[in-house]
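The values are calculated or read from the model by the stated rules, or taken from the named source; none is laboratory data. In this text the structure is predicted, and so the values were computed from the model without any measurement. Don't worry about glycine lacking a Cβ; one is built from the backbone with ideal geometry, like all the others, and counts go over all protein chains shown. Ligands, DNA and RNA are stripped out before the accessible areas are found, and what is left, the full protein with its side chains, is counted by its heavy atoms. Shrake-Rupley method; radii C 1.70, N 1.55, O 1.52, S 1.80 Å.
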Amino acid sequence: MTQPTRSDEPIWWALFSAGGVCFAVLIPGLILTLAIAYPLGLLPENALDYAQIRQWLFSDYWGLAGLVLVGAGLCLPLFHAMHRVHHGMHDLMLRAGGWGKVLCYGSASLLSVLALYFWYLGLSAS
Amino acid sequence: MQKTLVIQRYNPEQDHKPHPQHFTVPCDDSTSVLDALLYIQQQLDPTLAFRWSCRMAICGSCGVMVNGIPKLGCKTFLRDYKDDITVEALAHFATEKDLISDMSVFLTHLQAVKPYLINHDTRPQPHQQTPKQLAKYAKFSNCINCGLCYSACPQFGLNPAFLGPAALTLAQRYNLDSRDQGKAQRMPQLNGKNGVWGCTFVGFCSDVCPKQLDPAAAVNQGKVASAADFVIGIFKP
Ligand code: SF4
Ligand code: FES
């Protein structure tokens, strides 16, 4: 029996899994605080103070919190979502072949780079 | 009590495509689908073709679709169905005749993962194993090769080259066995796109497995093993 070629799927699957954890833990937490608790007035009025948040995300600890937020709140969830889209296309029998992969993971990469770039902009402006 | 079975009939020598045929059978609380099929074959229509052997969920040969769900005929009872019961050959396999499926793809896939102990030690004494080592793979070792999980798997339906739940579960079963030394020979099959990576974790295989093997869990353990193998492969080409 001939040996099948090794799939590159472990890379995408690892990003998908990491993104899944973010989707399950961080994103609900963000939605709970930013979209529910704060509008309902459950948090102090100044909890989302611009200067304070800016300080946390871009200045304290070399802007590490901002990097974590971009990575875990945007980049990894993007790869998670596009992995699902990629396999969903296969399930719908849209035979996009290699192009489907380029489209899915390419767009996730592009948006991730953009998000990291904005974080870097914030970093250098602080 | 009486019940109606709607059986998908197909004779490749006469029929263009399968067609349903109704049979009414007597039944009580202990009548299985297999019992009903045997009644039909012996009393109503001797040409009805289906496979069976043990009648006790151990030989794995009586798999059929019952109301669209893969089931063992001998482990499925008429009492659990209110209305007419449709019985068809297993999905995702070619049909040879009536309820008999061509399982050869399944057997080829099983063979591909070398589902047997590979150990180069030729000394005569037994290979001992602790209960803890046994527990690692015991839950994956009860497969009866019925193929129900292949009929349940949409990925196998889309791509028959996908090794599929039972083969990947057996690979994992032997890879986890402390007496086995064949993992390096099995990994290339698992690492391919038709190996563990053909699975999208639908999980229906685990629902239909009559031996509660949880093939979906085994395949996903295989993904972790294959990902680890991928990383090792980068550093050790
Ligand atoms: S894993 Fe379960 S469903 Fe699949 S062939 Fe084995 S016993 Fe049958
Ligand atoms: S007849 Fe053997 S499993 Fe059903």
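In the set A:42, A:76, A:30, only one residue is of a type in the set (A, V, I, L, M, F, W, C) and either open to solvent by 60 Å² or more (accessible area, probe 1.4 Å) or more than 30 Å from residue B:200 (Cβ to Cβ) (or both); that residue is A:42.
Looking only at residues in the range B:79-88 that are crowded, with 19+ Cβ neighbours inside 10 Å and away from ligand 2 (no atom under 15 Å from the Cβ), which one is farthest from the other protein chains (Cβ to nearest Cβ)? Let's see the steps before the verdict.
Looking only at the range B:79-88, we keep the residues that are crowded, with 19+ Cβ neighbours inside 10 Å, and these are B:85, B:87-88.
The next check asks that each one be away from ligand 2 (no atom under 15 Å from the Cβ); those that pass are B:85, B:88.
Working: B:85: 29, B:88: 22 Å.
Per the criteria, the residue is B:85.
Of the residues that make up the range B:79-92, is at least one of a type outside the set (Ser, Thr, Tyr) and touching a Phe, Trp or Tyr at 6+ places or on another chain (Cβ under 6 Å)? Yes, the range B:79-92 has at least one match.
I need the helices (runs of 4 or more DSSP H) fully contained in the range B:131-228, keeping only those with at least 1 residues that are within 25 Å of residue B:100 (Cβ to Cβ) and at pLDDT 95 or above.
Details: elements: B:131-138, B:148-152, B:154-158, B:165-175, B:183-191, B:204-208.
Of the helices (runs of 4 or more DSSP H) lying wholly inside the range B:131-228, those with at least 1 residues that are within 25 Å of residue B:100 (Cβ to Cβ) and at pLDDT 95 or above span B:148-152, B:154-158, B:165-175, B:204-208.
In the range B:120-156, how many are under 26 Å from residue A:92 (Cβ atoms) and either open to solvent by 40 Å² or more (accessible area, probe 1.4 Å) or not assigned by TED's automatic domain parsing to the domain that holds residue B:203 (or both)? Number satisfying all stated conditions: 1.
Kindly evaluate residue B:181 against the criterion of being open to solvent by 60 Å² or more (accessible area, probe 1.4 Å) and either within 30 Å of residue B:49 (Cα to Cα) or away from ligand 2 (no atom under 16 Å from the Cβ) (or both). Reasoning before the result, please.
Details: open to solvent by 60 Å² or more (accessible area, probe 1.4 Å): yes; either within 30 Å of residue B:49 (Cα to Cα) or away from ligand 2 (no atom under 16 Å from the Cβ) (or both): yes.
Yes.
Evaluating residue B:201 against the criteria (1) open to solvent by less than 40 Å² (accessible area, probe 1.4 Å); (2) within 16 Å of ligand 1 (Cβ to nearest atom) leaves one unmet condition, (1). Counting only residues that are touching a helix residue (DSSP H, G or I) at 6+ places or on another chain (Cβ under 8 Å), more than 28 Å from residue B:14 (Cα to Cα) and of a type outside the set (Val, Ile, Thr), the range B:97-118 holds 7 of them.
The rows are residues; the columns are (1) within 14 Å of another protein chain (Cβ to nearest Cβ); (2) away from ligand 2 (no atom under 16 Å from the Cβ).
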site	(1), (2)
B:110	yes, yes
B:114	yes, yes
B:133	no, yes
B:146	no, no
B:152	no, yes
B:191	yes, yes
B:198	yes, yes
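Restricting attention to the range B:32-65, the residues that are assigned to a strand (DSSP E or B) and under 11 Å from residue B:99 (Cα atoms) add up to 3.
Within the range B:191-205, is there a residue that is touching a residue at least 12 places away in the same chain (Cβ under 8 Å), within 15 Å of the chain's Cα centre (by Cα) and closer than 17 Å to residue B:142 by Cα? Steps first, please.
Initially, the range B:191-205 is screened for residues touching a residue at least 12 places away in the same chain (Cβ under 8 Å), giving B:191, B:194-205.
Subsequent filtering for residues that are within 15 Å of the chain's Cα centre (by Cα) retains B:203-205.
Checking which are closer than 17 Å to residue B:142 by Cα leaves us with B:205.
Within the range B:191-205, one or more residues are touching a residue at least 12 places away in the same chain (Cβ under 8 Å), within 15 Å of the chain's Cα centre (by Cα) and closer than 17 Å to residue B:142 by Cα.
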